[in-house]
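Let me begin by presenting the structure, written as structure tokens, before commenting on it.
The values are calculated or read from the model by the stated rules, or taken from the named source; none is laboratory data. Just so you know, these numbers come straight off a predicted model, no measurement behind them. A quick note on method: Cβ atoms are made from the backbone with ideal geometry, for glycine too, and the neighbour counts reach across all protein chains shown. When the accessible area is computed, the model is the full protein with side chains, heavy atoms only, and any ligands, DNA or RNA have been set aside. Shrake-Rupley method; radii C 1.70, N 1.55, O 1.52, S 1.80 Å.
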Amino acid sequence: MKNKFNQVSLKNLCKLRGLRLVALILTILLGISSLQAQSNRRTRHKIKHPAKKHSVVKRHTSVAAKTSAQKSDTTAIPAAITNRNFTVTSAFTPSLRDASKINFSSTTALPSPEKIPLNYNVPAQNLSFTYQPAYLRPLAANIDTSSVWRNADFVKLGYGNYATPYLEGGFSFGDGYNSAITLHAKHVSSKGNLPLQQFSKTGIDASGIFALGEKNEFEARAYFDRNNQYEYADLIPGIHYDKDSLRRRYKDVGVKIGLSNKTKNTAALDYHPTLSIDAFSGNRGEHESTLVIDAPFEKKISKTFNAKLGVTANISSYKADTSTVNNHLVYLSPSIEINRPDFKFNVGVIPSFDNSSFHLLPNISLDAKLRDERFIVQAGWIGYYNANTYRSLASYNPWIEVPGNFYNTRVVEAYGGFKGAAGDHFTYNARASYLNLKNMPLFLNNIAGSHEFEVLNESKLNDFRLHGELGYNAKEDFSLLVGLTMNNYTGLKDNAQPWGLVPIELTGSLHWNILKNLLLKSDISIGNGAQYIDASSEKQRLKGAADWNLGAEWHLVKNWDLWLQVNNLLNNKYQRWVNYPVLGTNVLGGIIFNFGDLKK
């Protein structure tokens, strides 16, 4: 019986060991199958994405058949099997499906309302020429709804001593999105104490900007000016003079049109061609017509390089009783501009045809930024033309003789200087230049007979020029600008002196909102006199001049303002041109009525 029990126990023990062995074999087979499946997936993944690199994540798993030897050591699994480790390697890399892309149309988007850095080239404000109102051209026609175009209209009326009526009006039309049109008209006249010391100026100017779709805009301007004065030099009071023979009246009529892109196009090309036609005439039978074509283009090659090309043609025809002059000036201005964060460098040449003469002018300039763009060093070697026409000469000196010929002034300038800002309010600008001028017009007074000025041509003139500016600005409440220009003319070839040119000039302008409803404006011009010849043909120089003007505007009630203007506050009756003294202190005042969409 005992043997039978032992046989049964041994038989059960063998069965138990067999079951455990089968379980261990199944576990090993499942592990091998898992490894083969992962290897197949890794192979398929490499075939699907052969060009991609994936990180490999290793995962270590220890598989051990753990049993508790509850009965005896003879029932334990061998150590070679229980201590065996299996390493499983996974090549799975998380990835997303390719997102669906939005297909935009080829139309260039309008400028975003975000603030972007803009570079402004502000011209010097220290010139003393007669101010000519110019229309404003917005940098972008995409006007935000929070700052819309307003049709602001005004009428300004006044009167002053020296029998000075003053009339001015400004009107605007359009919605600011598709069109913006302005109309400006002005008339002023005065009568001094000297015989025929009379002046009158009348001008009308209309300008507009029209949107051509979302990418381009068209601009147009038309103007009419009429100036009237007399040769009142050395006239004796109490004697009757023939006004018609001493009258100097000039009429100027012209139009200007242009086309420009207002957004960046797909070709990265900026353009702004303009066409101007002008007709100028006097009351002595002289007529002049001028056609000016100016077509600048700029192509952005890369983030750093820009290619520029300008085409300019100035063609004028002048006719008088004794002469006919055709004056043609055509030139190209190709250049390459390099824009870097710390400097801007432009290099090019200007091939030009001045009538029948060919000249090649330089066009090289450098602006280097230092001290976080608050200090800029400037240097350059540039050439340019001043086209001299009857219109330009008579605007500079209205008492010139009827010209017999015209020469365009060719200028080659080498300069160096700096500009920048100090703090949040101060700005400064300084430059030293050496200019070589060819065919410079000079103005010599006539001592025999009439008191007109003969226009002389100086074929060669050198000018060493120093120019400096200093400005202070406090938001829109206060602005002050002071400028000084010093010229040293040397090397004259055809004339003894630079007749009619002013060597030193100091200018200043002030704009100050003293109170909420009170605006103060002022400008001053100080300079030494030009050279002339006296009755004995001796060289003389005019006395220095100081002309200080002061004005104020007071907001009275809704839409109504009061204004006051005092010209030549120091009552300095200086002579810009010999024998032609200016008026003394001229006091004007009146009202301003504002209407339209703009309400104060």
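Hey, among the residues in the stretch 495-516 that are open to solvent by 60 Å² or more (accessible area, probe 1.4 Å) and in a loop (DSSP other than H, G, I, E, B), which one's farthest from A474 (Cα to Cα)? Only one residue tops the list, namely A496. Put simply, of A180, A220, A163 the only residue that is of a type in the set (A, V, I, L, M), in contact with a Lys or Arg (Cβ under 9 Å, 6 or more places away or on another chain) and within 30 Å of N265 (Cα to Cα) is A220. For the stretch 320-329, a residue qualifies if it is open to solvent by 60 Å² or more (accessible area, probe 1.4 Å) and either within 30 Å of F375 (Cα to Cα) or in contact with a strand residue (DSSP E or B) (Cβ under 8 Å, 6 or more places away or on another chain) (or both), and the qualifying residues are T324, N326, H328. Go through the stretch 390-414 and report how many residues are outside any helix (DSSP H, G or I) and open to solvent by 30 Å² or more (accessible area, probe 1.4 Å). Adding up the residues that qualify gives 8.
Quickly run through the stretch 415-424 and pick out the residues that are open to solvent by less than 60 Å² (accessible area, probe 1.4 Å) and part of a strand (DSSP E or B). Full working, then the answer.
Taking the stretch 415-424 and keeping what is open to solvent by less than 60 Å² (accessible area, probe 1.4 Å), we get 415-417, 420-423.
Once the filter is applied, which keeps residues that are open to solvent by less than 60 Å² (accessible area, probe 1.4 Å) and part of a strand (DSSP E or B), the stretch 415-424 yields Y415, G416, G417, G420, A421, A422.
Of the strands (runs of 3 or more DSSP E) lying entirely inside the stretch 164-239, those containing at least 2 residues that are buried (at least 18 other Cβ atoms within 10 Å of the Cβ), of a type outside the set (F, W, Y) and without any contact (Cβ under 8 Å) to a residue 24 or more places away in the chain span 164-173.
Please indicate, with yes or no, whether at least one residue in the stretch 456-479 is of a type in the set (S, T, N, Q), open to solvent by 40 Å² or more (accessible area, probe 1.4 Å) and in contact with a strand residue (DSSP E or B) (Cβ under 6 Å, 6 or more places away or on another chain). Walk me through it before giving the result.
Start the filter on the stretch 456-479 by keeping residues that are of a type in the set (S, T, N, Q), which leaves 457, 459, 462, 473, 479.
Filter once more, so that each one left must be open to solvent by 40 Å² or more (accessible area, probe 1.4 Å): 457, 473.
When the remaining residues are screened for being in contact with a strand residue (DSSP E or B) (Cβ under 6 Å, 6 or more places away or on another chain), the result is 473.
There is at least one residue in the stretch 456-479 that is of a type in the set (S, T, N, Q), open to solvent by 40 Å² or more (accessible area, probe 1.4 Å) and in contact with a strand residue (DSSP E or B) (Cβ under 6 Å, 6 or more places away or on another chain).
Among the residues of this structure, E337 does not count as one that is on the phi < 0 side of the Ramachandran plot, surrounded by fewer than 16 Cβ atoms within 10 Å (Cβ to Cβ), touching an Asp or Glu at 6+ places or on another chain (Cβ under 9 Å) and of a type in the set (D, E, K, R).
Restricted to the stretch 236-258, and to residues there that are among the aliphatic types (A, V, I, L, M) and within 26 Å of Y396 (Cβ to Cβ), the residue that is nearest to the chain's Cα centre (by Cα) is V255.
Every condition in (1) farther than 30 Å from G174 by Cα; (2) modelled with pLDDT under 95; (3) surrounded by 17 or more Cβ atoms within 10 Å (Cβ to Cβ); (4) not basic (K, R) is met by D534 except one, and the failing one is (3).
Consider S522 carefully, then state whether it is free of Cβ contacts under 8 Å to residues at least 40 places away in the same chain, part of a strand (DSSP E or B), open to solvent by less than 70 Å² (accessible area, probe 1.4 Å) and not aromatic (F, W, Y). Show your work before the answer.
Details: free of Cβ contacts under 8 Å to residues at least 40 places away in the same chain: yes; part of a strand (DSSP E or B): yes; open to solvent by less than 70 Å² (accessible area, probe 1.4 Å): yes; not aromatic (F, W, Y): yes.
It is true that S522 is free of Cβ contacts under 8 Å to residues at least 40 places away in the same chain, part of a strand (DSSP E or B), open to solvent by less than 70 Å² (accessible area, probe 1.4 Å) and not aromatic (F, W, Y).
Scan the stretch 368-388 for residues that are part of a loop (DSSP other than H, G, I, E, B) and either surrounded by fewer than 17 Cβ atoms within 10 Å (Cβ to Cβ) or more than 27 Å from the chain's Cα centre (by Cα) (or both) and the total you get is 4.
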